[in-house]
1. Top mean-square fluctuation among 133, 222, 44, Gaussian network model of the chain, C-alpha springs under 10 Å?
2. Let a ≥ b ≥ c be the square roots of the eigenvalues of the Cα gyration tensor of segment 1-128; is it rounded (a/c under 1.5), or, if not, prolate (a/b larger than b/c) or oblate?
3. Which whole-number percentage describes the relative contact order of the chain, with Cα contacts under 8 Å and a sequence gap of 6 or more?
4. Segment 172-279: which GluC sites (Glu not before Pro) are DSSP loop and have at most 15 other beta-carbon atoms within 10 angstrom?
5. Near the amide H of residue 100, under 5 Å away, which other amide H atoms are found, from residues 5 or more places off or on another chain, if H is placed in the peptide plane?
6. Given all pairs of different Cα atoms, what value in angstroms does the Kirkwood hydrodynamic radius of the chain take?
7. Report the local net charge at residue 121: Lys and Arg +1, Asp and Glu -1, summed over other residues whose C-beta lies under 9 Å from its C-beta.
8. Convert each backbone phi in segment 118-125 into a coupling constant with the Karplus relation 6.51 cos²θ - 1.76 cosθ + 1.60 (shift: θ = phi - 60°), then list the ³J(HN,Hα) values in order as whole Hz, x for Gly and Pro.
Amino acid sequence: MTEAAVNEEQIELWNGLGGSAWVDAQETLDRMFAGFEPILAEAVPEGHSGRVLDVGCGTGATALAVARRLGPGGACVGLDVSEPMLALAQRRAAETGLPARFQHGDAQTHAFEADAFDAIVSRFGVMFFSDSVAAFANLRRAAKPGAPLRMAAWRHPKENGFMTAAVRAAAPHLPGRPSFDPDAPGQFAFADGDKVRAILRDAGWDRVSVEPIDVACRFSAVDLDLYLTRLGPLGRLAEDLDEDTKQRALAAAREGLAPYVEGDAVRYTAACWLMEARA
Ligand SMILES: C[S@@+](CC[C@H](N)C(=O)[O-])C[C@H]1O[C@@H](n2cnc3c(N)ncnc32)[C@H](O)[C@@H]1O
């Protein structure tokens, strides 16, 4: 299959509204998810001179965090389907002079060179494949034998109250609610740890470990509306509402997230999986 034949809906999303929201909110998101950087970058020893792949690298935070640890000769390659997110990642690498470069491609189908990477990392970039076993088999071929895989993905929405509170609060004003389909590509596609273990094993990875991690996240309360209208699920649900209803939904959503606001900061705990394996 060609790259264009799979993952079309996700590719459209990440090159459209999803991608532009993540580009516009890059600083907010990177501050919010800063706690994941050391956890993932640890896949690579300080001063490492090998090649590392960041899957679904987006605007580049994890690839840049890895690149900061690398020694002479080391390089981190970020792969993503989103042109606007890659363009920002590329600019950030150029500005910092870090050994990170970015490549356009679908991790599920990209024709990687075999045995090319000494480690593979990802922060929230692997839950969007139409065929996750095929994608992870493709990534395993790209990894050198024994190379570590280290990634983060969301656990169940029930454990991630911050991610659901806004929509729950705004529900009376909304025409529909996002239904959680655990098998559809999306934020919570890896919510079931047993399913993730099976995907990695079926794709040929060894020493599979999928363990819960709870990571403290924080962003400025000034950015709460940005989160609600562009990044959270509310933004898309409210798209077709008239302005009055939209404002009522937004006010209710703000109220729903009030328990997470402390002074000038919004704080919550991200209930995630740390997924590890060896090629
Ligand atoms: C939730 S964002 C995370 C971005 C980045 N890793 C971060 O933490 O800031 C998901 C990313 O996965 C990318 N993505 C989705 N499907 C992909 C695929 N099949 N191959 C490569 N990247 C993909 C999206 O374009 C997007 O950049």
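The values are calculated or read from the model by the stated rules, or taken from the named source; none is laboratory data. These numbers come from a predicted model, not from an experiment. Glycine gets a Cβ as well: all are built from the backbone with ideal geometry, and neighbour counts include every protein chain shown. Heavy atoms of the whole protein, side chains included, go into the accessibility calculation; ligands, DNA and RNA do not. Shrake-Rupley method; radii C 1.70, N 1.55, O 1.52, S 1.80 Å.
1. 222
2. Because a/c hits 1.5 or more and a/b fails to exceed b/c, segment 1-128 counts as oblate.
3. For the chain, the relative contact order is 20 percent.
4. Those satisfying the criteria are 239.
5. Amide H neighbours of residue 100, under 5 Å, 5+ apart: 76.
6. Result for the chain, one decimal place: 19.3 Å.
7. That sum, taken over residues with Cβ under 9 Å, equals +1.
8. 8, 7, 10, 10, 6, 10, 6, x
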